[in-house]
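Below: the structure, in structure tokens.
The values are calculated or read from the model by the stated rules, or taken from the named source; none is laboratory data. Here the structure is a predicted model, which means the values were calculated and not measured. FYI the Cβ positions are ideal-geometry reconstructions off the backbone, even for glycines, and counts take in every protein chain you see. Accessible surface is based on the protein model in full, side chains and every heavy atom, while ligands, DNA and RNA are left aside. Shrake-Rupley method; radii C 1.70, N 1.55, O 1.52, S 1.80 Å.
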Amino acid sequence: MSGRDAQAIQAVLQGDVDRFAELVDRYQDHALRVAFSFLGNHEDAKDVSQEAFIHAYRSLGQFRGGAKFSTWLYRIVVNLCKDACKRRARRPLVVAGVGGTDAVSDEDIGLFVEVEDPAADPARQASRRELSRRLTDAIGALPMNQRSAFLLHHVHGLPLDEVAAIMQCRVGTVKSHVFRATQHLRVALDPWLMQEGI
Amino acid sequence: MDFTTWLRTWLARHPLKGPAGIDRARYTAEVMGQVKTGLRPALLPARHWLPVPRWGLAAAVAAAGLVVAIGAVNVQRRQLAEQAMERTRLLAESAPTEERWLDQTLDLIDQLNEGGAEADSDDASEGLSDDDWLNELELLDQAELSASS
């Protein structure tokens, strides 16, 4: 845990509640991005990530400093996202806008930034956009453990040991989840991969 | 290119969408607003509240069981006491065998007297007291007993 985090946490525990704002400022972008990758909607991601900070504050007395504060916070975020996904199982938000009934803007469709290639013809660009949406769909269809491992490792770039700490399992288990997730995605994206020559 | 390599390359070129239209300062202010309305973290230790209702519930269940058990014992005791009192009452009201035999005999004598008075006014028994009748009956019984043996 960084010295700044430790100092802020110590101050909060001693009654200086305002110091908690430092932690919120420092980690809100990360918490939002993790929540968005699970929920596929910025508004829901904001609600869940804010709830995670409030949970973290209320449980701060339990935080022993054995792991990084961010790891502990992400664990709370991921668990809250899992709960939210269970509650909304009938309309998985990762694939919001794809076949759903909710009014979702184009910005909310898909998890990933679409990069336009001016040199590519319109048909090729449309195919790549479709691939992006299919990847979002396929990630949303993964079992929750595989989805968590894949998103945290491949999308958020966290090392395997930190993913294991967040998921509270062994590194080998995380590797297995990531491998299986990748296999599932390969099968789901096969038609579009052939177009890309993969 | 294998799939994993392609996927990593693709994800590097297509990053996750960032938070859109979210004011960072407002986000922090909203969290702190909720934080300040709650309790201090030091006052919320890890699930220390759980044993309290658990022990409380166990104590309540034990107390309820004790009350039920005591009640059942009291009811049983009361029933036994009532049965004993009833038995005592019956015993107290029931006459001894000898007295019952005497009462029955006197009833028979009364019945005989009523019938005999109408049939024969010159009967030899006229003018005898109850005690004399009893003595005569006992003598008759003894005479019959000695005759039959």
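Of all the residues that make up segment A:13-41, how many are closer than 22 Å to B:Leu16 by Cα, open to solvent by 10 Å² or more (accessible area, probe 1.4 Å) and touching a residue at least 40 places away in the same chain (Cβ under 8 Å)? Write out each step before concluding.
Taking segment A:13-41 first, the residues closer than 22 Å to B:Leu16 by Cα are A:24-41.
So of that shortlist, the ones also open to solvent by 10 Å² or more (accessible area, probe 1.4 Å) come out as A:25-27, A:29-30, A:33, A:41.
Filter again for touching a residue at least 40 places away in the same chain (Cβ under 8 Å), leaving A:27, A:30, A:33, A:41.
Within segment A:13-41, residues that are closer than 22 Å to B:Leu16 by Cα, open to solvent by 10 Å² or more (accessible area, probe 1.4 Å) and touching a residue at least 40 places away in the same chain (Cβ under 8 Å) number 4.
Test A:Asp44 against the stated conditions and say whether it is acidic (Asp, Glu), in a helix (DSSP H, G or I), without any contact (Cβ under 8 Å) to a residue 24 or more places away in the chain and open to solvent by 10 Å² or more (accessible area, probe 1.4 Å). So A:Asp44 fails the test. Of all the criteria given as (1) at pLDDT 75 or above; (2) surrounded by 10 or more Cβ atoms within 10 Å (Cβ to Cβ), the one not satisfied by B:Asp131 is (2).
Looking only at residues in segment A:39-69 that are among the polar types (S, T, N, Q) and either at pLDDT 95 or above or in the same structural domain as A:Asp137 (by TED's automatic domain parsing) (or both), which one is nearest to the chain's Cα centre (by Cα)? Write out each step before concluding.
Of segment A:39-69, the ones among the polar types (S, T, N, Q) are A:41, A:49-50, A:59, A:62.
Those left that are additionally either at pLDDT 95 or above or in the same structural domain as A:Asp137 (by TED's automatic domain parsing) (or both): A:49-50.
On the way: A:Ser49: 11, A:Gln50: 14 Å.
This residue is A:Ser49.
Exactly one residue out of B:Leu50, B:Leu106, B:Leu57, B:Leu16 is modelled with pLDDT of 70 or more and within 14 Å of chain A (Cβ to nearest Cβ): that is B:Leu16.
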